Structures are given as C-alpha cells and as structure tokens.
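Q: The structure's right below; bear with me while I get my questions together.
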2 protein chains.
Amino acid sequence: MTASPIQDLSRLCVHTITTRPWPIEEITDRFAAAGVAGITVWRQALEGRNVARVGQNLRDAGLSIVSLCRGGFFPATDAQQRQRAVDDNFRAIDEAAELGAPLVVLVCGADPGQPLEQSRQQIVDGILAVHDRAVQANVRLGIEPLHPMYADTRSAINTMRQANDACDQINSPHVGVVVDVYHLWWDPDLKREIERCGRAGRLFAFHVCDWRSPTEDMLNDRGLMGEGCINVCEIRGWVEQAGFGHGFIEVEIFSDRYWKMDQGEFLAKIKEAYLSHT
Amino acid sequence: MTASPIQDLSRLCVHTITTRPWPIEEITDRFAAAGVAGITVWRQALEGRNVARVGQNLRDAGLSIVSLCRGGFFPATDAQQRQRAVDDNFRAIDEAAELGAPLVVLVCGADPGQPLEQSRQQIVDGILAVHDRAVQANVRLGIEPLHPMYADTRSAINTMRQANDACDQINSPHVGVVVDVYHLWWDPDLKREIERCGRAGRLFAFHVCDWRSPTEDMLNDRGLMGEGCINVCEIRGWVEQAGFGHGFIEVEIFSDRYWKMDQGEFLAKIKEAYLSHT
C-alpha cells in the first residue's frame, strides 16, 4: 500500500536549512513565491534577528510556521553541562513562542563517555525539566529518533519504539514524536510503531528526503525524494493512516551537493520531487 | 555487569583484513610470532594462492583457522545476478573447506532497487540454496547483522533480532549468527537477542573493534577497542553468558588510519587493546 498521489503544494513545508545559503528574508520571499505552504525555521536562521518580527513576516507572506529546529542535546557526563542544555531548551521554547511556532523539534543528544541507557534517562529527565515551560508557552516538544549512526553523539533515541517508550514515560499531551524517513526507513518495526504513535495522538511531524547509494558523507549527503532507496510514499501512507492526513510534509535536506547549486533551481527540484516522489 | 578480565591471548583471533597491507604469508609469521591464537581469513588474501596449502601453513604456524570472510550478497533485482551470488557462495563454501575454516561469515547483501522485505526474503532463499553444500562440506554459515547505515547495499539484516528470526526460518544447526559490536552496540534489544541466540545454540562468532567519535568514514574508520564509545567488555559478558565463553574474540578493524601505520606497531596495539579494553 502506498499513499494516494499528492495533488498540490498545500502540505509542503521546507526547512530553512534545506536552502541554507539563503538568509531568512530571502527564504521568506522565495518560498512564498514558489507556493510553499509551510516553513520550519532553524535557530541559526534567526541569529541577529528580531524573532517576533521574522514570525510576523513569515505569516504576512502567507507561510505557516510548522516548527522550530532544534532543541535537545540533553545528555552529558557533566551536570553543569546538562543544566546548560536545559537552559538552552528554555530559550528554544521561548523563541518558538515568539516566532509563533507550535513545536520544537528535539534532537535529543548522547554523550559517548557514558552508557546509552544513561543518556536515554538524561533525555527523559531533560524533557521533564523543560516540560512546564513548554506547556506555559503552548509549545509542543517533538522527540525525533535519529539514525543509529548518530547514537554516539547526536541521539541515544534511535527508533520509533524508543521514542514511543520515552513518550509513555513522560506521558504528556505536549510531548510527541517527529517521524523522519531518513532516520527510520530501515527499521522493520516502523509501520507498527507509527501506528502506535498515531493511536496515542503523538505523531507531531513528518520529515522527508532520501538515502543516496552510496552515501558519501554521514551528515550532509541526503538526497531529494526519489533519488534514493527509501520507500517515502509507503511511509507517508503509514503516517497518514496514523491520523496525520492533513499534517505538513517537511522537506529537510542537508546536502553539500545541493547547497552548492543555485538555490532557486534547487527549490524547483524540491517541488518536482515533492509532487512526483513523495 | 562486565565480563571478567582477559588474562592471555588464547582467545585472540585477528582478521587478515585488519592488517591488510601484509600478504597472508607475512601475516602467518607475524601473527604466530605475536602469540595471536586464531585467524579469520578474508578471501582477497587467498587470491593467487593454493588455498589448501595456505591452510596447512597456518596450522603449521600454530594458528587456529576461525572463519572465512565472506559470503553473502544474495539479494538482487535481477535473477541472473542472484544465481551468480549463489554460485559465488558455493565457491566460498568450497574454499572454506579447502582452507580448513569451519565457518563462512555472511554479509547478506541488499539491493537499493527493491524493498528491504524483498531483499530479506532473497537472503533466506539464498542461504537455503547453498545450505546443502555447506552441510556436505561441514562448513557452517554465520549471518552477520550489519549496522543500519549499510541497509541500502550491504545487508538488509540489521539487528540481532532479524538475524535470529532468519535463523528460525531456516532452522538448521549449520546456520547461525555472527555478533559484531560495531554493528550492534546501539540496539536496546541487544542483550536479550544475544541470550536468545545463545539459547538456540546459534552464536557462532564474536567480532570486536570500537566506534570512534567522530567517525569520519562510513566504512574504514573503525577504532581499536577502548578508543570509542562501545561497551565492548559488557557485550563480551553477554556473549559469554550466552554460552560463548571459550569462543574466539575476533579483532576486525577496517581503518585507513591504521593501514597507514607500521603494521608491526599496529599489531602490538591490537594486543594491548585486546588485553586492556576488551
């Protein structure tokens, strides 16, 4: 089973990092002109800006603000470092509220100097430590499980099952999961755990791109949908079956290759890949 | 719980690819002189040699031949290609028998042009197709689950659970699992699935190295034990509890960094890391 074809751009969201060479002001104009419906803003794009004003400009341009990337990075062997992470997540929540983003995406973190179990516990502790601030700000927190190749430093939560388990432990309507096909496509439990996530009302966001063969860089060699081996359309079907039928489909691509291109041409390619291979 | 300290080199096996710059003849002398007890031979090391004679030389030098690397790579969209893979696995089994290796390690393969489920089925079909030859040759076949970052082209079997499930399906005393810490350390089910594997009598081999942070190359940047974040000693404890208390501990490192070193110095480092961090 695959999902029914995408007919228009009404659910297309693009991450600011996807077209990183453009500053946020140019992104605002370009995305709006291209008919992109939603935007996920990376915090780097906000540096030196008045966050509330950026948010207003995005809305004025007709863009829906889908989420802020990224909070997280909670684990550390050093307690002071963990406190700094909590403080930084407070700031991320405040920025999301100022911007008008309903969700902060969490790249949860890991510390190679301690066991994964300990990092996982510190992730749950960290989310609990910032939870009330998120509730007050009316901002949700989305745990994004990351590919196991990032388990050493980026996230000790590497499967949907682990993300669902963490959400069970935290048990708050403000804490859910961000599904990214790049991180999860290989997992034989993916369909079942997406269903579980949907039943719990915790499927907060859906990110797409593709896995190139060969992948030449562990971080910055993601492909456009259709360029690799991920069953993007099938996974979209699972996500939609799980209750996300009207949610944004977010194109998040880190690619040295594409960042070198003319970003206007790249944006045209994104739209094409979105309509034909997602 | 971690395993009890390693006291001597009696269970140390080193893969020929670990010291790849040396030809098999030099490896034979060097490993024996260094007190290495076992050797796993990669097929590349046998090119242009009389395989039976290499085996005899290894035994004469006092080395135990632990396994032959590698068979597998069964999946392909093209049926002729799948048949060629079966034929190549026949040859690998024959070579193992000639060499005197009791085990062929299977890197099972994957084809990015088809769904993972299909690749997984073709892996089981491929193993079944070569199974009788392995029984006749008295050679066992070890499924090595590979890290999910290799799911596109190297193996559609990426966890111990999947390897155990495949073994259940095949259900032969000649087919088991090769546990490699590099591929599996991140998996929250690892301990339980190692126990399951041991209970079924299917834990055939144990490979060690470490995961460096940052890892700079997806293939050839493995670390020596102790150099990275893998809980090698703890995993060894699980493997030994699962009935592998007398099995070889195989050092399998692909590293551009170490291949550039003087291989004699590297071998000394391997022994040190084996005794102190395994």
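Quick note: the coordinates plus some simple rules give every number you see, no bench work behind them. Keep in mind it's a predicted model, so treat the numbers as computed, not measured. Backbone-built Cβ (ideal geometry, glycine too); neighbour counts: all protein chains shown.
Q: If the requirement is being more than 23 Å from B:D221 (Cα to Cα), touching a Pro at 6+ places or on another chain (Cβ under 8 Å) and not in a strand (DSSP E or B), which of these qualifies: B:I127, B:I123?
A: B:I123
Q: So, one more: Return the pairs, sorted by first residue and then second, in which the second residue is buried (at least 22 other Cβ atoms within 10 Å of the Cβ) and among the polar types (S, T, N, Q), the first residue lies in region B:154-181 and is in contact (Cβ under 8 Å) with a residue 24 or more places away in the chain, the beta carbons are less than 6 Å apart, and the residues are 6+ apart or on different chains.
A: B:A156/B:S119
Q: For the subset of region B:67-115 comprising residues that are touching a Cys at 6+ places or on another chain (Cβ under 7 Å) and in a strand (DSSP E or B), which member is nearest to B:Y182 (Cα to Cα)?
A: My answer is B:V105.
Q: Here is a check on your reading of the model: is B:A200 more than 26 Å from A:S155 (Cβ to Cβ) and either within 14 Å of chain A (Cβ to nearest Cβ) or buried (at least 19 other Cβ atoms within 10 Å of the Cβ) (or both)?
A: For B:A200, the condition - more than 26 Å from A:S155 (Cβ to Cβ) and either within 14 Å of chain A (Cβ to nearest Cβ) or buried (at least 19 other Cβ atoms within 10 Å of the Cβ) (or both) - is not met.
Q: Within region B:47-54, can one find any residue that is closer than 25 Å to B:K269 by Cβ, hydrophobic (A, V, I, L, M, F, W, C) and out of contact with any Lys or Arg (no Cβ under 6 Å at 6 or more places or on another chain)?
A: No - not one qualifying residue is present in region B:47-54.
Q: Please go through region A:162-175 and pick out each residue that is within 17 Å of the chain's Cα centre (by Cα) and at the interface with chain B (Cβ under 10 Å from one of its Cβ atoms).
A: A:Q162, the sole residue that qualifies.
Q: From the set of residues in region B:15-38 that are among the β-branched types (V, I, T) and out of contact with any helix residue (DSSP H, G or I) (no Cβ under 6 Å at 6 or more places or on another chain), which is nearest to B:G247 (Cα to Cα)?
A: B:V36
Q: Exactly one of (1) within 12 Å of another protein chain (Cβ to nearest Cβ); (2) crowded, with 23+ Cβ neighbours inside 10 Å; (3) not charged (D, E, K, R) is unmet by A:I194. Its number?
A: Of (1) within 12 Å of another protein chain (Cβ to nearest Cβ); (2) crowded, with 23+ Cβ neighbours inside 10 Å; (3) not charged (D, E, K, R), only one is false for A:I194: (1).
Q: Restricting to region B:215-237, name every residue that is touching a residue at least 12 places away in the same chain (Cβ under 8 Å), charged (D, E, K, R) and in a loop (DSSP other than H, G, I, E, B).
A: Those that are touching a residue at least 12 places away in the same chain (Cβ under 8 Å), charged (D, E, K, R) and in a loop (DSSP other than H, G, I, E, B): B:D217, B:R222, B:E227.
Q: Also: Quickly run through region A:8-31 and pick out the residues that are within 16 Å of A:Y274 (Cα to Cα) and not in a helix (DSSP H, G or I).
A: A:D8, A:L9, A:S10, A:R11, A:L12, A:C13, A:V14, A:H15
Q: Okay, moving on. If you go through region A:246-263, how many residues are in a loop (DSSP other than H, G, I, E, B) and surrounded by fewer than 17 Cβ atoms within 10 Å (Cβ to Cβ)?
A: Total meeting the criteria: 4.
Q: Condition check: under 16 Å from the mean Cα position of the chain (by Cα), under 19 Å from B:S155 (Cβ atoms) and either surrounded by 22 or more Cβ atoms within 10 Å (Cβ to Cβ) or more than 11 Å from chain A (Cβ to nearest Cβ) (or both). Does B:V178 satisfy that?
A: Yes, satisfied.
Residue by residue, here is whether (1) farther than 21 Å from B:F206 by Cα; (2) touching a strand residue (DSSP E or B) at 6+ places or on another chain (Cβ under 8 Å); (3) free of Cβ contacts under 8 Å to residues at least 12 places away in the same chain holds:
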| position | (1), (2), (3) |
| --- | --- |
| B:A3 | no, no, no |
| B:S64 | no, yes, no |
| B:A79 | yes, no, yes |
| B:A85 | yes, yes, no |
| B:R91 | yes, no, yes |
| B:E95 | yes, yes, no |
| B:A101 | no, yes, no |
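Q: Quickly run through region B:203-238 and pick out the residues that are among the basic types (K, R) and within 12 Å of chain A (Cβ to nearest Cβ).
A: B:R212 - this is the single residue of region B:203-238 that is among the basic types (K, R) and within 12 Å of chain A (Cβ to nearest Cβ).
Q: So which residues in region A:100-121 are more than 14 Å from chain B (Cβ to nearest Cβ) and surrounded by fewer than 24 Cβ atoms within 10 Å (Cβ to Cβ)?
A: Selection gives A:G100, A:P102, A:L103, A:V107.
Q: Report, by residue number, each residue of region A:137-157 that is crowded, with 22+ Cβ neighbours inside 10 Å, facing chain B (nearest Cβ under 8 Å) and more than 18 Å from A:Q121 (Cβ to Cβ).
A: Once the filter is applied, which keeps residues that are crowded, with 22+ Cβ neighbours inside 10 Å, facing chain B (nearest Cβ under 8 Å) and more than 18 Å from A:Q121 (Cβ to Cβ), region A:137-157 yields A:H147, A:P148.
Q: Return the residues of region A:32-66 that are outside any helix (DSSP H, G or I) and touching a Gly at 6+ places or on another chain (Cβ under 7 Å); say none if nothing qualifies.
A: Listed by number, the residues that qualify are A:L63, A:S64, A:I65, A:V66.
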